[in-house]
Amino acid sequence: MTNHKSVEAGKIESDDKQGPKLPVQTGGDAMHRSKKEMYPWERLELLQEKLYCKAKQERNFKFYVLYDKIFVPYVIEQAYYKVKRNGGAPGVDGVTFAMIEEEFGLGKFLLELREDLRKQTYEPKAVRRKWIEKENGNGLRPLGIPTIRDRVAQMACLQIIEPIFEADFKDSSYGFRPKRGARNAMAAIKEYLREGRTEVFDADLSAYFDTIPHDKLMKTLELRISDPRVLNLIRKWLKSPVYEDGQYHKSKGEGTPQGGVISPLLANVYMHLVDRIVNNSKSLFHQAGIKIVRYADDFVLMGKRISLTVIEELKRILDKMGLKLNETKTRQIDATKESFNFLGFTVRYDRDIKGRSNKYWNIEASDKSEKKVRKKINDYLAVRGHFPAPEIAKGLNAILRGWLNYYDIPGVSYPAMNKRKLHYYLTDRLYRYYNRKSQRRSRLYGPHAFEVLVTKHKLINPMTYFVKSKLR
């Protein structure tokens, strides 16, 4: 381990995952040690557990003293290391992590941020806007990039308020939540299909992150938080101006920028209103046997029959929230007759591959998802014409491992065909890659580049790669 100077004083141990740690203790666990003997991340988890339990036990309790916990030293320290681990570009001030640690001094940086928060003199800077390609490949979406200082402040706040709202969130919500994700969402969809809920309303909200009304969002937050200092802090982030093309633009009173550390939680808090209504035992949805599977702003309603009355009720709820369905992308289908896409997966009711009369629910990577990973591979190789074979294998493995781990869900998805097509693409692409390298033939020249990289340089072979871990 590498020693770092503590934000307070003296030297403490550190690791890449959790940031600074207190001196290692011998014997016992966190529950049998004093707070001063605990690691910073242990103290943070203990605080979060207390907040979660309080919120879970008292559903109507409003937390009125939270702000002082945001600038506690170990909360700020852990916030910094989490933001650093997430990486990301600098904001409008151009300050990078290297500059903070090598030029400004990390201890000074965190101390000044803590003091600004404590004195309530903290003011966030403008959010730098960048446009990136949408996940589905259809157009561009705006990405807001706050400064690292603001991201650390947002993470510190997130660490305190997230456990409170986690206690309220429904099991039907899977996006941007601890220990939940797209894999769990697809498992739920498959289970509902097996139960006979084959009528699917595939909803698409129009620019959700950009249209969340600030006033209504704040009222939703106030259902659980009554500390005006915390609410004022969040309000400052929502009102931060946007910097784009050399100009500053004021907030329009709606939207939470994608890219902000706290934005996913705020988006979930607001969409939780929909979850509550759909899952309410007295609601029209519940009485009609309708289930919802939601990942942030993407969601599907599933039932044996979804009537027009149910759809109109959903539209009424969204309209009251200031949200709208994208009518061109929203559709209602019978999943036994039509396939649908969700979170990069395609869901189909397919005939048995062995020719038997029965059918099965097939979940695999969508065509767009396959095109996206092929483009990543192509872009990676296009700018690495002279990299050694071990480096090429290592870089490709990072792409392949992430893609395969996402789409290979044991007991849920059937990625065999996806893997086969990816195998063929890699074989062909690497053949072309090495055959055009310089005038002097590469050692991997010829049709066997893929096999050589697999056997000698540990390149992942999609056909033999399997995810062992099961869903929790």
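With respect to Ser413, is the statement that it is in contact with a helix residue (DSSP H, G or I) (Cβ under 9 Å, 6 or more places away or on another chain), part of a loop (DSSP other than H, G, I, E, B) and modelled with pLDDT of 95 or more true? So Ser413 fits the description; yes.
On inspection, Leu117 qualifies as open to solvent by less than 40 Å² (accessible area, probe 1.4 Å), hydrophobic (A, V, I, L, M, F, W, C), within 22 Å of Leu233 (Cβ to Cβ) and assigned to a helix (DSSP H, G or I). Among residues of segment 450-472 that are under 19 Å from Ala182 (Cβ atoms) and open to solvent by 80 Å² or more (accessible area, probe 1.4 Å), those with a beta-carbon under 6 Å from a residue that is at pLDDT 85 or above and assigned to a loop (DSSP other than H, G, I, E, B) at least six positions away or on a different chain give the pairs Lys470/Pro410. Are any of the residues in segment 248-265 under 17 Å from Glu199 (Cβ atoms) and polar (S, T, N, Q)? No, segment 248-265 contains no residue that is under 17 Å from Glu199 (Cβ atoms) and polar (S, T, N, Q). Residue-level check: of (1) over 25 Å from Val293 (Cβ atoms); (2) part of a loop (DSSP other than H, G, I, E, B); (3) modelled with pLDDT under 95, Lys125 misses just (3).
State whether one or more residues within segment 350-361 are crowded, with 16+ Cβ neighbours inside 10 Å and of a type outside the set (Phe, Trp, Tyr). Scanning segment 350-361 turns up no residue that is crowded, with 16+ Cβ neighbours inside 10 Å and of a type outside the set (Phe, Trp, Tyr). Taking segment 222-236 as the search range and keeping residues that are open to solvent by 20 Å² or more (accessible area, probe 1.4 Å) and touching a helix residue (DSSP H, G or I) at 6+ places or on another chain (Cβ under 8 Å), which one is nearest to Leu314 (Cα to Cα)? Among those that are open to solvent by 20 Å² or more (accessible area, probe 1.4 Å) and touching a helix residue (DSSP H, G or I) at 6+ places or on another chain (Cβ under 8 Å), it is Glu222.
The values are calculated or read from the model by the stated rules, or taken from the named source; none is laboratory data. These numbers come from a predicted model, not from an experiment. A quick note on method: Cβ atoms are made from the backbone with ideal geometry, for glycine too, and the neighbour counts reach across all protein chains shown. We work out accessible area using only protein heavy atoms, side chains counted, and drop any ligands, DNA or RNA first. Shrake-Rupley method; radii C 1.70, N 1.55, O 1.52, S 1.80 Å.
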